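Chemist: One structure, as C-alpha cells, below. Some questions next.
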Amino acid sequence: MGFRKITEESSLYHDLEKKTVRELLECINEEDRKVAHAVREAIPRIEELVERIVPRMRRGGRLFYIGAGTSGRLGVLDASEVPPTFGVPPSRVTGLIAGGDKALRSPVEKAEDDVRSGWEELAEHKINGNDTVIGIAASGTTPYVTAALRAAREYGILTGCITSNPGSPMAAESDIAIETVVGPEFVTGSSRMKSGTAQKMVLNMISTSVMIKLGRIEGNKMIHMQLSNKKLADRGVRMIMDKLSIDYEQAESLLQLHGSVKKAIDRAQPPTR
C-alpha cells in the first residue's frame, strides 16, 4: 500500500459552522482524547531513540530539533525550556525552524520547501557524529526537514522524526521514526491541533527522560534549574528545606550563599563514604 497522508483526510465532523460553541468544544475534546493513546502506541520507538541519544550526549553530543511552521515552533519551544529547567547550556538542545526566528511569529513564504537550508543551518553548528537530529513534521513530507535528515544520515549522524503519517518520506530518512497516528484533524488539515499536541507530548517525553538520565533531576526535583525569578527561587528554597530538613530561613541562606539548589545541598551534607 502506498503512502497515505492521514493528516489531510477529511474531518469526521461536518457543518462545523452550524454547531454551538458547546458542541464545538466537546467535539474537539473528544478528538484530543485520542492523542494520548496514539502517543502511548509510539512509546517503544521513543524509548529506542532516547536510549541512543543518552550515551551520545554523555560524550558531549547535542540534540537538534528541526521543523517548519507549527512543528518548528514546538521544537524551538522545547529546546528553549531545557536550559532553565535542567540547568544545561543552551547549546545542548537546539531548535531550528524553516525561515529562522522570524518564522516563530509569522509565516515565511516557501521556507519549508527549501531543500538546502536545513542542512546548511545544522552545518553552521559544526554538527558531528555524537549529535542527534530529530525532524518534526506532521505530514512527514516537509522538504526542509526531509533533506536535512537525509544529509545528516549521510554523515553518520543519528536521526529520528516525529510525524502523524506512517510510512512517510521523512520516516524513510530517519533511523528511528516516531509515528503518532492521531487520525484526521477536527478542522480538515489543521495539523496544529491533534498532531501538534502529539508532537508536544513526545518532545516533552524525549527531553525530560534524556535529562533525567543525564543526572539533571534528583528524586523528582529540578535541582539544577535556573533561579531566574522569585517563584523559582522560592521553589529552590523549599527543595533545600525538604532535602536537609531545615527551616525556610536556613534554606534561603544556603541558596543565597551557593547560588544553586544542587550546590547548596551537596555542600551542606557530609560526604558519603
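Chemist: Residues of region 244-265 being free of Cβ contacts under 8 Å to residues at least 24 places away in the same chain and farther than 26 Å from residue 90 by Cβ, which ones?
Modeler: If the condition is that a residue be free of Cβ contacts under 8 Å to residues at least 24 places away in the same chain and farther than 26 Å from residue 90 by Cβ, then 245, 246, 247, 248, 249, 250, 251, 252, 253, 254, 257 are the ones that fit.
Chemist: A further question on this structure: What number of residues within region 208-248 are within 20 Å of residue 80 (Cα to Cα), of a type in the set (A, V, I, L, M) and part of a helix (DSSP H, G or I)?
Modeler: Of the residues in region 208-248, 5 are within 20 Å of residue 80 (Cα to Cα), of a type in the set (A, V, I, L, M) and part of a helix (DSSP H, G or I).
Chemist: Something else now. Can you tell me which of 73, 45, 52, 56 is under 23 Å from residue 226 (Cα atoms), of a type outside the set (Asp, Glu) and in contact (Cβ under 8 Å) with a residue 12 or more places away in the chain?
Modeler: 73
Chemist: Filter region 231-250 down to the residues that are of a type in the set (A, V, I, L, M) and under 14 Å from residue 265 (Cα atoms) and list them by number. First the steps, then the outcome.
Modeler: Here is the first cut: in region 231-250, the residues of a type in the set (A, V, I, L, M) are 232-233, 237, 239-241, 244, 246.
Scanning region 231-250 gives 237, 239, 240, 241, 244, 246.
Chemist: Looking at region 162-173, is at least one residue touching a Leu at 6+ places or on another chain (Cβ under 8 Å) and part of a loop (DSSP other than H, G, I, E, B)? Let's see the steps before the verdict.
Modeler: Within region 162-173, the subset touching a Leu at 6+ places or on another chain (Cβ under 8 Å) is 162, 170, 173.
Next cut, part of a loop (DSSP other than H, G, I, E, B) only: 173.
Within region 162-173 (the criterion being touching a Leu at 6+ places or on another chain (Cβ under 8 Å) and part of a loop (DSSP other than H, G, I, E, B)), the answer is yes, since at least one residue qualifies.
Chemist: Hey, another quick one. All but one of (1) touching a Gly at 6+ places or on another chain (Cβ under 9 Å); (2) farther than 30 Å from residue 138 by Cα; (3) hydrophobic (A, V, I, L, M, F, W, C) hold for residue 203; which doesn't?
Modeler: Condition (2) is where residue 203 drops out.
Chemist: Which one of these is open to solvent by 50 Å² or more (accessible area, probe 1.4 Å), in contact with a helix residue (DSSP H, G or I) (Cβ under 9 Å, 6 or more places away or on another chain), closer than 23 Å to residue 177 by Cβ and of a type in the set (D, E, K, R): 34, 19, 5? Steps first, answer last, please.
Modeler: Working: 19 fails: closer than 23 Å to residue 177 by Cβ; 5 fails: in contact with a helix residue (DSSP H, G or I) (Cβ under 9 Å, 6 or more places away or on another chain).
34 is the lone residue from the list that is open to solvent by 50 Å² or more (accessible area, probe 1.4 Å), in contact with a helix residue (DSSP H, G or I) (Cβ under 9 Å, 6 or more places away or on another chain), closer than 23 Å to residue 177 by Cβ and of a type in the set (D, E, K, R).
Chemist: Only residues that are surrounded by fewer than 19 Cβ atoms within 10 Å (Cβ to Cβ) and aliphatic (A, V, I, L, M): list them for region 202-220, please.
Modeler: 205, 212, 214, 217
The values are calculated or read from the model by the stated rules, or taken from the named source; none is laboratory data. Since this is a predicted model, take the numbers as computed values, not measurements. Counting neighbours? That spans all protein chains shown, and the Cβs are built from the backbone with ideal geometry, glycine included. Note: areas computed on protein heavy atoms with side chains; ligands, DNA, RNA excluded. Shrake-Rupley method; radii C 1.70, N 1.55, O 1.52, S 1.80 Å.
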